[in-house]
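In what follows, a structure is listed as structure tokens, so that the remarks can point back to it.
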Amino acid sequence: MTKKNISIKEAERQVYRSAFDDGLVDIFLASVVLMWALAPYLSVYMGDFWSSAIFLPIWGVLYLVLRWIRKNWIIPRAGVVEYGPVRRKRVTTFTIIMVVLNVLFLILGLVAFFMPGGPGWTKTIPFALMLLLSFSLAGYFLDVTRFYVYGLLLASGIFVGEYLYQNFGFSHHGFPVVFGFLSAVIFLTGVYKLVTFIKDNPLPSEEQLQWEAKNG
Amino acid sequence: MAEEIEKSQQEDPLADIDPLIHAPSRLRVMTYLYVVDSIDFVYLKRVTGMSWGNLSTHLTKLEQAGYIRISKSFQDKKPKTMIELTDKGRTAFRGYKDGMQEVLGNLPD
């Protein structure tokens, strides 16, 4: 790290990007993708709405667990930073774009879902586009390169699932297999990053903390 | 005399380069502080890759020059040291950046 050339732009990116080094966001994303894998099975017993809604309390609990991990494991190792105006503006722009896009894609998705007839491919395209665009925007605005990869994997996964469904008879348009696999990939990436982060950033010793209190 | 100094400074842009910022480690610290509102000691140490002692020494120098503000508090019985650039520090860093661009920007390839 110390050998890198200093550039103001790169320094700003590095400060922000390092907030995603702990893998927690990947673990949460994996839980969302897991829903796409399991919801088709659950919908048989619970209906379309409740098969998705059942995940809300699960995400709530997971969010609290990850927050606890962040507070007790990550922040003591990583420290805290208040971002500058450039980054704050970038994050606000990203949030607004995502809200608008998601509303738009939700409408498109509903139209495609309730549209009678038409081949399966036409229904998957809006969903694939939404994933690709959302993750690419997240990768661009948040400066996290692996989000581009996630977007590409998830978007192409939809078509792979459809292919498996049409040619090999996989159930539920191949969603359980494809998204189950991708959820595991994202989850393992997150766990790997979390373990690496904790290993690379040990807790400051009592001696260091006392030293910081005196001199830091 | 004052006119001569001013004239020599105009002729020699290096004279405007702040030696306090120019040291590589302090330049690194100032660069990170320039892009954030505030940052704590642990985060700054992590992104700069400097040791506790080294970072603390440079921060002390920058604080003495009035370029940074250090505020200490305790959170969950643990020390928390927040660091931010002062207006003076931000102006000095901008001046340094412009000065270096002037010096290096005119060099041939």
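Provide a single number: the residues in the stretch A:168-185 that are at pLDDT 90 or above and either hydrophobic (A, V, I, L, M, F, W, C) or more than 14 Å from A:LEU38 (Cα to Cα) (or both).
The qualifying residues number 7.
Based on this model, can you work out whether B:ARG90 counts as surrounded by fewer than 21 Cβ atoms within 10 Å (Cβ to Cβ), basic (Lys, Arg), within 25 Å of A:SER18 (Cβ to Cβ) and at pLDDT 90 or above? Reasoning before the result, please.
Values: surrounded by fewer than 21 Cβ atoms within 10 Å (Cβ to Cβ): yes; basic (Lys, Arg): yes; within 25 Å of A:SER18 (Cβ to Cβ): yes; at pLDDT 90 or above: yes.
Criteria met by B:ARG90.
Please verify whether the stretch A:5-12 includes one or more residues that are more than 30 Å from A:VAL178 (Cα to Cα), free of Cβ contacts under 8 Å to residues at least 40 places away in the same chain, assigned to a loop (DSSP other than H, G, I, E, B) and not aliphatic (A, V, I, L, M). If you could, list the steps in order and put the result at the bottom.
So the first thing to find is which residues in the stretch A:5-12 are more than 30 Å from A:VAL178 (Cα to Cα), and the list is A:5-12.
Within this subset, residues satisfying the condition of being free of Cβ contacts under 8 Å to residues at least 40 places away in the same chain are A:5-11.
Now narrow it down to the ones that are assigned to a loop (DSSP other than H, G, I, E, B): A:5-7.
With not aliphatic (A, V, I, L, M) added as a condition, the list becomes A:5, A:7.
Within the stretch A:5-12, one or more residues are more than 30 Å from A:VAL178 (Cα to Cα), free of Cβ contacts under 8 Å to residues at least 40 places away in the same chain, assigned to a loop (DSSP other than H, G, I, E, B) and not aliphatic (A, V, I, L, M).
Results for (1) facing another protein chain (nearest Cβ under 8 Å); (2) in a helix (DSSP H, G or I); (3) not aliphatic (A, V, I, L, M), shown as yes or no for each residue.
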| residue | (1), (2), (3) |
| --- | --- |
| B:ARG26 | no, yes, yes |
| B:SER56 | yes, yes, yes |
| B:ARG90 | no, yes, yes |
| B:GLY99 | no, yes, yes |
| B:LEU104 | no, yes, no |
| B:LEU107 | no, no, no |
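Condition first: facing chain B (nearest Cβ under 9 Å), in a helix (DSSP H, G or I) and over 21 Å from the mean Cα position of the chain (by Cα). Can you find one or more residues in the stretch A:58-72 that meet it? Outline the logic, then answer.
Of the residues in the stretch A:58-72, the ones facing chain B (nearest Cβ under 9 Å) are none.
The answer is no; no qualifying residue exists.
For the stretch B:58-88, how many residues meet the condition of being of a type in the set (Val, Ile, Thr) and within 11 Å of another protein chain (Cβ to nearest Cβ)?
Within the stretch B:58-88, the first condition is being of a type in the set (Val, Ile, Thr), and the residues that meet it are B:60, B:68, B:70, B:81, B:83, B:86.
Retained after the next criterion (residues that are within 11 Å of another protein chain (Cβ to nearest Cβ)): B:60, B:70, B:81, B:83.
Total meeting the criteria: 4.
I need a count of the residues in the stretch B:63-83 that are under 19 Å from A:GLY79 (Cβ atoms) and either loosely packed, with under 13 Cβ neighbours inside 10 Å or in contact with a Leu (Cβ under 7 Å, 6 or more places away or on another chain) (or both).
Of the stretch B:63-83, the ones under 19 Å from A:GLY79 (Cβ atoms) are B:63, B:68-83.
If we keep only those that are either loosely packed, with under 13 Cβ neighbours inside 10 Å or in contact with a Leu (Cβ under 7 Å, 6 or more places away or on another chain) (or both) too, we end up with B:68, B:70-71, B:73-79, B:83.
Residues that pass the stated criteria total 11.
The values are calculated or read from the model by the stated rules, or taken from the named source; none is laboratory data. Just so it is clear, the structure is predicted and the values come from calculations on it, not from any experiment. A quick note on method: Cβ atoms are made from the backbone with ideal geometry, for glycine too, and the neighbour counts reach across all protein chains shown.
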